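> Before we start, here is the structure in question, set down as structure tokens.
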Amino acid sequence: MSSFLLGITIFIAIVTAACLYRIAVGKTIFDRIIGAGLVGTNGFILLTLIGFIFGRIDMFVDIAIAYALLNFVIIIVLGKYFDRVREKP
Amino acid sequence: MLVLVIALMLGGAFFLTVSAIGLLRLPDFYARTHAVGKSETLGTILLLSGLAVYNGWELSTLKILFISGFVLIANPTATHAISRAAFRSGLQPWTRKKKNNGEVNKSDKQHGAKLERKG
């Protein structure tokens, strides 16, 4: 079971690293924001899995909760910040 | 019980992979929100449910289920907020425009990729 968890963790890490392409290349700013949200979501899944691998789930799940709350707040704040109708020149 | 854990976690990894492929390959911002908002949420909930079943009855299980329920509410809300901001700031949706003789215009393929002014 431990090797299965390790394999799932490495697989999701590779998938998350592939999503960094959209943050680097994305055509608009909103593509970058949504790619950052996906990387953040995969990040706390990775934290929970790493807690199971290290055998210290009671500590890592608290960090994962903090990351989930921060990820939501960051995306909402960026959405409010870029939500403006462009003025005519 | 172990079969249920492995099935849930493999399903979660599958939906996370589908979400990543959708983010990389779909043509437009609004189509990418479709990948991120739905299949990412389902994959996260499936994978965390598998971990919660694997952990057994503890306090950590309750916290993992709390993260799962929070993602169920927060991830579509955040995606909706971003796509509403994009629509209000004038990002045009991607359309496959047709010429008069019915052919697909190749040059309009990246039509939605640029920000256009609203007025």
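Just so it is clear, none of the values below were taken in a lab; they were calculated from the coordinates. Note that the structure is a prediction, hence the values are computed from the model and not measured. Don't worry about glycine lacking a Cβ; one is built from the backbone with ideal geometry, like all the others, and counts go over all protein chains shown.
> Report the net charge of residues surrounding B:Leu23, where surrounding means a beta-carbon distance below 10 angstrom and charges are Lys +1, Arg +1, Asp -1, Glu -1.
That works out to +1.
> From the phi of every residue in the range B:6-11, what ³J(HN,Hα) in whole Hz does the Karplus formula 6.51 cos²θ - 1.76 cosθ + 1.60 yield, where θ is phi - 60° and glycine or proline is x?
5, 5, 5, 6, 5, x
> What is the sum of charges around B:Ser60, taking Lys and Arg as +1, Asp and Glu as -1, for the other residues whose C-beta is under 15 Å from the C-beta of B:Ser60?
Neighbourhood net charge equals -1.
> Separate question: List the residues, sorted by chain then number, that are 5 or more residues from B:Gln92 or on another chain and whose placed amide H is less than 5 Å from its amide H.
B:Glu116
> Taking θ as phi - 60°, what are the ³J(HN,Hα) couplings along the range A:15-24 by the Karplus curve (6.51, -1.76, 1.60), each to the nearest whole Hz, with x for Gly and Pro?
Computed from phi, the couplings for the range A:15-24 are 4, 5, 5, 5, 6, 5, 4, 5, 6, 6 Hz.
> With the alpha-carbon atoms as the only input, what is the per residue convex hull volume for chain A in Å³?
79 Å³
> So, with +1 on the Cβ of K and R and -1 on the Cβ of D and E, and no other charges, what is the size of the charge dipole of the range A:2-81 about its Cα centre, to the nearest 20 debye?
Approximately 300 debye in magnitude.
> With r as the distance between the Cβ atoms of B:Thr77 and B:Leu24 and R0 = 25 Å, compute the FRET efficiency 1/(1 + (r/R0)^6) and round to 0.05.
Step by step, r from the Cβ atoms, then E = 0.60.
> Give me the three principal axis extents of the protein assembly as shown from the C-alpha atoms, as integers in angstrom, largest value leading.
62, 36, 24
> Mean residue ellipticity at 222 nm from the helices of chain A, using -39,500 (n - 2.57) per DSSP H segment of n ≥ 4 over the full residue count, to the nearest 500 deg cm²/dmol?
Computed mean residue ellipticity for chain A: -30000 deg cm²/dmol.
> Sticking with this one: What distance in nm separates the simple spin-label points at A:Ile74 and A:Asp58, each placed 7 Å from Cα in the Cβ direction?
Once both label points are built, they end up 2.9 nm from each other.
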